[in-house]
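**Q** My structure is below; once you've seen it, I'll send some questions.
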Amino acid sequence: MILSDGSLRADVGPSLGVDDRPGVTRHLRRRQLLTLWQRLDELGFAEAGASNFDRNPNLLVPGPNEVIQILELRRNGRDWIVVDRFAVSEDAEEGSSGSDGTLSGQDPRMKAALRSIAALAWASDAPPDDTIRFPERYDFGPDPWDRYRTTTAKDESSDEES
């Protein structure tokens, strides 16, 4: 989400909805905003005529294995929405996508527009590698036994750490 003041709000995850307002990721400079609008112009999305959806995007519900990409734009006092829907087969892998990584049925122009926005948010559209298992780290707070230790034992342990 990019607001008119240049603040870019971004987040990822399966629980995000159309109406969610993520936290601020960064603030874009005027030049970055102009470059983004130029890119949207090149892709054919920067004018209200690009709209292909005139209802409430909150009512869109993806079907099984379906992806819905929504691009909501506002320029010169006009609002418009571009929606791209496509199904992903369950056996879809890297090899089943096109040469540019576009999945079957996905609009390459929409993918390019979303990647331009994601790049500004320092994000990627590549799914995370689920094969990596990160250790769980627990924060139990301060050491509860600290007050029972003698000062010499504390001094020795701090010397070992440094």
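**Q** Taking region 84-133, which residues are β-branched (V, I, T) and modelled with pLDDT of 65 or more? Break it down into steps so the answer makes sense when it comes.
**A** The initial filter retains those residues of region 84-133 that are β-branched (V, I, T), namely 88, 102, 117, 131-132.
Within region 84-133, V88, I117, T131, I132 meet the criteria.
**Q** Just give me the residues in region 49-59 being loosely packed, with under 14 Cβ neighbours inside 10 Å and either in contact with a strand residue (DSSP E or B) (Cβ under 8 Å, 6 or more places away or on another chain) or assigned to a helix (DSSP H, G or I) (or both), in sequence order. Before you say what the answer is, go through the steps one by one.
**A** First, pick out the residues of region 49-59 that are loosely packed, with under 14 Cβ neighbours inside 10 Å: 49, 52, 54-56, 58-59.
Scanning region 49-59 gives G49, N52, D54, N58, L59.
**Q** Looking at this structure, is G63 assigned to a loop (DSSP other than H, G, I, E, B), free of Cβ contacts under 8 Å to residues at least 60 places away in the same chain and surrounded by fewer than 14 Cβ atoms within 10 Å (Cβ to Cβ)? I'd like the intermediate steps shown before the answer.
**A** On the way: assigned to a loop (DSSP other than H, G, I, E, B): yes; free of Cβ contacts under 8 Å to residues at least 60 places away in the same chain: yes; surrounded by fewer than 14 Cβ atoms within 10 Å (Cβ to Cβ): yes.
Yes; evaluated as a whole, the condition is true for this residue.
**Q** If you check E42 against the conditions, is it acidic (D, E), outside any loop (DSSP other than H, G, I, E, B), surrounded by fewer than 16 Cβ atoms within 10 Å (Cβ to Cβ) and out of contact with any strand residue (DSSP E or B) (no Cβ under 6 Å at 6 or more places or on another chain)?
**A** Working: acidic (D, E): yes; outside any loop (DSSP other than H, G, I, E, B): yes; surrounded by fewer than 16 Cβ atoms within 10 Å (Cβ to Cβ): yes; out of contact with any strand residue (DSSP E or B) (no Cβ under 6 Å at 6 or more places or on another chain): yes.
So E42 passes the test.
**Q** Is there a residue being of a type in the set (V, I, T), part of a strand (DSSP E or B) and either within 18 Å of the chain's Cα centre (by Cα) or surrounded by 10 or more Cβ atoms within 10 Å (Cβ to Cβ) (or both) anywhere in region 9-32?
**A** Applying the first criterion (of a type in the set (V, I, T)) to region 9-32 yields 12, 18, 24-25.
Those still in the list that are part of a strand (DSSP E or B) too: 24-25.
With the extra rule that they be either within 18 Å of the chain's Cα centre (by Cα) or surrounded by 10 or more Cβ atoms within 10 Å (Cβ to Cβ) (or both), the set shrinks to 24-25.
Checking region 9-32: at least one residue is of a type in the set (V, I, T), part of a strand (DSSP E or B) and either within 18 Å of the chain's Cα centre (by Cα) or surrounded by 10 or more Cβ atoms within 10 Å (Cβ to Cβ) (or both).
**Q** Looking at region 1-50, which of the residues that are out of contact with any Lys or Arg (no Cβ under 9 Å at 6 or more places or on another chain) and of a type in the set (S, T, Y) is nearest to W122 (Cα to Cα)?
**A** Taking the candidates together, the pick is T35.
The values are calculated or read from the model by the stated rules, or taken from the named source; none is laboratory data. For clarity, every value in this text was computed on a predicted model and none was experimentally measured. Glycine also receives a Cβ, built like all others from the backbone with ideal geometry; neighbour counts cover every protein chain displayed.
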